[in-house]
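The values are calculated or read from the model by the stated rules, or taken from the named source; none is laboratory data. Predicted, not measured: the structure shown is a model, and the values here were computed from it. Reconstructed Cβ throughout: ideal geometry from the backbone, glycine too, with neighbour counts over all protein chains shown. Accessible surface areas use protein heavy atoms only, side chains included; no ligands, DNA or RNA. Shrake-Rupley method; radii C 1.70, N 1.55, O 1.52, S 1.80 Å.
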Amino acid sequence: MPFRGETPSLPLSDVFQNLLQNKQTGTLTVTPKEGKPIHVYFRDGAVHHLSPGRDSLSYLPAVLRKRAGVTDEEIEKAVKKRGRSQKALAQFLVKAGALDDEKARAALQFFGEEQIYDLFAADSAAFEFVEGAPPADRFDPDQLAYEMALDTNKVLFEAARRQDEWKLIRRKILSLDEVFSVPEERRAVIKEGGDRSATDIAKLLDGSRTVREVIDTSAHGAFAVCRAIVSFLEQGHARPVAVDELKRLAETAKRRGDVEAVVRFCRRALEQERNRPDIRELLAEALEKAGDREKAATEWKLLSQSAIEGRDVERGIAAYRRAIACLPRDVSARESLVRLLQERKGPDAAIPDGRDLALTYRELGLLEKARDTYRRLLEMAPGDPEMPRLLAESHVEMGDVAGGTKVLLETAKGRAETGNTAGAMALLKALLKIAPEHAEGKALAKDIETGELTKKKGRAARRRRLVVGTVLVLALGAYGAYHELALVEAMDVEAKAIERLLAGDREGAAKLCETGADSHPLSWAGLLLRERARLFRGEAPGDSGGPPRDPPPAPEGPRSPPPPTTAATSKGGK
């Protein structure tokens, strides 16, 4: 029966120790969190075979070139002879005299040991052990041709020794997707040091390969490659490749059709500088081309958010559309797009995508969200011919027939009132399809078809005109009565004011007129009284202030008769 687990809950060292002590026979598959699965075959507790999860032709030529001295030409000939047969490539080379059997065994054993040691360096991994013979779908002929027969205790001892050094390495190399460059002049210095493996690794650090690619190409193993890179960094021989250089590498990889390389370079660049829309777009396109539509959609959404923050609304809209094209049922992308269009382009621009959002909700069974979306869209575009019907359908799908008919009836009434009888009839037909016996709907439809609705509207219009006319007449009559009363009261006020004026109280006369004017602000009588107040103060008609003018003379009273004359007076005058 198979057993499985995860590290670090159960360390691989404990798993290996258990297989050794119990002399187990079977295949242990270890899958690091970031990496491909490695298959290790145990026989009686000892390691006998290893498969790095891929066909031997993807790595074996490099191993044989570097570790056994086989030339590219010899490998090419052996591959052609091998053809589609299931024979081991190494055996073809041995028979052709291009490879010594012991060198082949040593090269493959070195490669296998390095792969196993690297497993112990992974931060976390899942594992599963299945008893039985090595599966043919996991171990190809080359992997089975040479048995490793590793001492499990030796493996555990060496893995433990490397653990401490891996901790130091990870402080300098944060990811196997990092890219480093060693200039030509520095490679010459490294070569003078006489370390052949360091020279080989330095040649591969040309700024175009990730650390992972250098490991796969060099056949020196991850530990040796990473340790060499750390040494180069400490001595100033190597430097990390900058973001713009990584972008150029990604573009070069794109031109040659290497999608995986584009993804690696872009991810590494974004680790250094997250807000680079140009690089994120490259990454999203590469993921889309690779068929990883979910991850591509995620990158398109991140690109949209970044573009909007940079006030590039058009790019943000286009990126959301690409995300939706990757995952048509991604409601988060659709919601964001509708919101963005409504805020930046206006309600009309958001309607088509809003409909698509509501339809997606319906397809996913999110009926309440579909209904609420249609309701908002109808508020945004009350004249849309189809939106009331769609909203009603969403009500019906939820089992709310009454709610659906109410939407259709109210909207039909509103459109009929504005003269859009064709639009009203279309909605009433939809209503009667849902509820054929709906009395109010049937009556309204009949009124529209027979022309009765037009007649009712005409009668209603005449009634309104009559009411308005009556109100106007009454208002005019009331105003006339009010005006007559105001004139009578004004005449009385004016008479009293003149009495004060004759008595010499000009200011009192003016104030009396102003008080009377305030009592009748809507009457001509009020205006006349206000003019009288100005006149009494000596102001010109219409003056609002200024120095007073000479007051008009007081009105003349009855003249006194001349004094009587006497005879004496007459004589004296003579």
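Here are some notes:
- Cleavage-rule hits (chymotrypsin sites (Phe, Trp or Tyr not before Pro)) in segment 153-220: DSSP loop, at most 14 neighbouring Cβ within 10 angstrom: none
- Between Lys442 and Leu364, the FRET efficiency estimated from the beta carbon spacing at R0 = 45 angstrom works out to 0.80.
- For segment 62-143, the relative contact order works out to 34 percent when only alpha carbon pairs closer than 8 Å and six or more residues apart are counted.
- Taken as Cα centroids, segment 44-104 and segment 239-305 sit 35 Å apart, rounded to the nearest whole angstrom.
- Applying 0.36 nm per residue to the separation of Glu273 and Ala136 and subtracting their alpha-carbon distance, the gain on full extension is 44.9 nm.
- Solvent-accessible area, 1.4 Å probe, carbon plus sulfur percent, for the chain: 53
- Taking all protein chains into account, the per residue accessible area for segment 27-138 stands at 49 Å² (1.4 Å probe).
- Rounded to the nearest Hz, the phi-derived 3J(HN,Hα) couplings of segment 436-447 under the Karplus curve 6.51 cos²θ - 1.76 cosθ + 1.60 (θ = phi - 60°) are x, 9, 5, 4, 5, x, 5, 5, 5, 4, 5, 4, where x marks glycine and proline.
- Global form of segment 156-315, assessed from the alpha-carbon gyration tensor, a/c cut-off 1.5: prolate
- Inter-label distance for Leu174 and Glu6, nm, one decimal - labels placed 7 Å from Cα along Cα-to-Cβ: 2.4
- Per-residue HN-Hα couplings for segment 49-65 [Karplus 6.51, -1.76, 1.60; θ = phi - 60°; Hz; x = Gly/Pro]: 9, 9, 10, x, x, 8, 4, 4, 5, 7, 9, 4, x, 5, 5, 6, 5
- Here the label points at Glu251 and Ser13, each 7 Å from Cα along the C-beta direction, are separated by 4.9 nm in the simple model.
- Taking a ≥ b ≥ c as the square roots of the eigenvalues of the alpha-carbon gyration tensor, segment 18-89 is classed prolate because a/c is 1.5 or more and a/b outweighs b/c.
- Added length on full extension, which subtracts the Cα-Cα distance from 0.36 nm per residue, Ser124 to Glu165: 13.0 nm
- Length added when fully stretched, Val467-Val331, from 0.36 nm per residue minus Cα-Cα: 43.5 nm
- Per residue, the accessible area of segment 292-450 comes to 51 Å², computed with a 1.4 Å probe over protein heavy atoms only.
- FRET efficiency, 1/(1 + (r/R0)^6) with R0 41 Å, evaluated for Ser231 and Thr71 via beta carbons: 0.90
- Rounded if a/c under 1.5, otherwise prolate or oblate - the chain, Cα gyration tensor axes: prolate
- Relative contact order for segment 181-321, counting Cα pairs under 8 Å that sit 6 or more residues apart, in percent: 15
- Whole-Hz Karplus values for segment 160-169 come out as 5, 5, 7, 4, 5, 6, 4, 4, 5, 5 Hz, taken residue by residue from phi with 6.51 cos²θ - 1.76 cosθ + 1.60 and θ = phi - 60°; glycine and proline positions read x.
- Averaging the sequence gap over all C-alpha pairs within less than 8 Å and six or more residues apart, then dividing by the number of residues, gives segment 358-513 a relative contact order of 10 percent.
- When the C-alpha to C-alpha distance is required to be over 18 Å, the pairs from Lys77/Lys203; Lys406/Lys429; Lys103/Lys154 that qualify are Lys77/Lys203; Lys103/Lys154.
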